[in-house]
Amino acid sequence: MIVVSNPTRRVTRFYPSQSRITRGLIGALFWVLSCTAVASLPEPVLKALDRYELDADDLSLLIKPVDGGEPVIVHNAETLRNPASTMKLVTTMAALDVLKPNYQWATDIILLGELDSTGVLHGDLAIRGGGDPYLVEESIGRLVAEMRRRGLQHITGDVLLDDSAFSLPATDPGAFDGEPLRAYNVPPDALLINFKVIRFFFEPDPATQRVRVTTLPELPELQVENDLKLIRGRCRGYQKGIAVHADANANRVRFSGTFPDGCKRYSLSRSLLTHDGYAAALLNQVWLRHGGRLDGVIRSANVAEDAEVWLEWDSRPLSEQIRLINKYSNNVMTRQLFLTMGAEVFGSPASLPKARAAVGQWLSDHNLDAERIVIDNGAGLSRDTRISAKSLAGLLELGWRSPFMPEFVASLSLVGLDGTFRRRFRDGPLTGQAHLKTGRLDGVTAMAGFAMARDGQRYIVVSLHNAPDVHRGTGEVVQNAILQWLHRYEPASLQSADVAASNGSDATPEG
């Protein structure tokens, strides 16, 4: 009897007519192959895969010490896979190296007329975006306050919105997954304001037996129709029973369905209005809130590239912005950064081909398998993006050796404490023991970063898992098994491995 094993299933086969010697040789050969396959993944990981009938061939895993020692686990490490949002690590590390952590984006204010001593601008005012990924309402408020401090009170003309720093084709925000209203699908824009997102708050109103709906920011241009019915019940269900009805770029939204009174407060975010429409509405609100006066309208228009800048408004530095990008996996911020790389390396205006070329060149300069990596939009929100666990681990190793290592590592989610990993391993031995970036799409779960074993040794960890429905929770179970095993890992307790893994990887001892 010969047992042929793969990492998830065991198959028994019989060879009754063979000689004892032949059967022995064949048995020894299959025993070696069996041990090799199983040795490429730890037993807890194999159990997690087997529990949900997941094929180990769909998983790539690479674990190695940060100091460049021999890998601990190498499994399908050179297989190209969709990394989902772990691709953000490529964009942010390249940006730290090329742009430097102190890089800032400039939003220019240009006066197209004369500003008199009474604070009246006789003409138009232009706002030229520079691609700032984090030009949020708070920043707009400070910008307007600075304009008022410099004496501007009244604009007799129009406010012009100039987004010419990015040269992008028209984009359907629902093209990726048919969800055009979702915040993660907001396309980039050189004058992106507040992520073009509106947050809706839902609260039961016992006095009227209705559901109160409020928005942040408050935009009079957006019409909200509230057809929700308040019912008795616990706070549960998909979106708590709320159905959202709106078209992409619409200025009207309708809510229907039922809302349980057990919910004290619930919120959801959606992207509505066009880029220009949203920017105009928010700017107008903030301008009026600060006591400003505008006789004209707010509209889209480009100004001369050499126009004199009256006020240059600088963004938060890159080192702060990548914390928001990686910890909370912000797609549109990453795409803004990705395009900025293209403009800085190859000149304005920014474009996707320039961005891909800029990051591809950086990967090539650092011997990171640039010819095989498919970058697409730099954020991982793509069905086409591809990278191997080996290449991603190489990037993390480069990041660990970089002079900007503190900024890079600090941008990753702390397990059990913040970011996308905040709800996993809370109040346990793994809390705070790993800095990781997560990734998830339909059929994809991924994680990559740095984890510490209980003996204090730090490891690079990359797990890329592509399989049907793996994003529905089973992929996280496998990731948890990997991290729990690594936390208990003790090099001295491992048996030596004399046989290379059957997938062509290095020897991979099992704990």
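Here are some notes:
- Each peptide in 71-82, 347-358 receives the mean, over its residues, of other Cβ atoms within 10 Å, and ordering these scores from highest gives 71-82, 347-358.
- Expressed as a fraction of 2.2 N^0.38 Å, the C-alpha radius of gyration for the chain is 1.16.
- Measuring nothing but alpha carbons in the stretch 444-484 and taking Rh as the Kirkwood radius, the Rg to Rh ratio lands at 1.05.
- Rh by Kirkwood over Cα pairs, then Stokes-Einstein D for the stretch 370-421 at 0.890 mPa s and 25 °C, µm²/s: 191 µm²/s
- D_trans [Stokes-Einstein, Kirkwood Rh over alpha-carbon pairs] for the stretch 131-176, 25 °C, 0.890 mPa s, µm² s⁻¹: 178 µm²/s
- Listed residue (238, 343, 435) projecting farthest to the positive dipole end of the chain, Cβ model: 238
- Prolate/oblate/rounded call for the stretch 120-207, Cα gyration tensor, a/c under 1.5 rounded: oblate
- On a per residue basis, the stretch 182-270 carries 53 Å² of accessible surface, using protein heavy atoms and a 1.4 Å probe.
- Relative protection proxy for 429-436, 189-196, from highest mean packing down: 189-196, 429-436 (other beta-carbon atoms within 10 angstrom).
- When only Cα pairs below 8 angstrom with a gap of at least 6 residues are kept, the chain shows a relative contact order of 22 percent.
- Applying both filters, DSSP loop and at most 15 other Cβ atoms within 10 Å, to the GluC sites (Glu not before Pro) of the stretch 258-321 gives 305, 308.
- 15 Å tail of the calculated P(r), the stretch 235-298, as % of Cα pairs: 65 percent
- When peptides 95-101, 401-407, 139-145, 456-462 are sorted by average Cβ neighbour count within 10 Å, with the highest value leading, the order is 456-462, 95-101, 139-145, 401-407.
- Between the Cα long axis of helix 88-99 and the first principal axis of the chain there is an angle of about 60°, rounded to the nearest 10.
- Accessible surface comparison of 450, 201, probe 1.4 Å, protein chains only, largest first: the order is 201, 450.
- Between the Cα long axis of helix 318-328 and the first principal axis of the chain there is an angle of about 60°, rounded to the nearest 10.
- Magnitude of the charge dipole, the chain, Cβ model with Lys/Arg +1 and Asp/Glu -1, debye to 20: 2280 debye
- Cα long-axis angle, helix 20-39 against the chain (0 to 90 degrees, to the nearest 10): 20 degrees
- Reported value for the stretch 130-275: 150 Å³ per residue, from the convex hull of its C-alpha atoms.
- Cross-link check: pairs 88/390; 229/264; 196/327; 327/390; 196/264; 100/437 evaluated at a Cα-Cα cut-off of 24 Å; pairs beyond the cut-off: 196/264.
The values are calculated or read from the model by the stated rules, or taken from the named source; none is laboratory data. In this text the structure is predicted, and so the values were computed from the model without any measurement. Cβ: placed from backbone, ideal geometry, glycine included. Neighbour counts: every protein chain shown. Note: areas computed on protein heavy atoms with side chains; ligands, DNA, RNA excluded. Shrake-Rupley method; radii C 1.70, N 1.55, O 1.52, S 1.80 Å.
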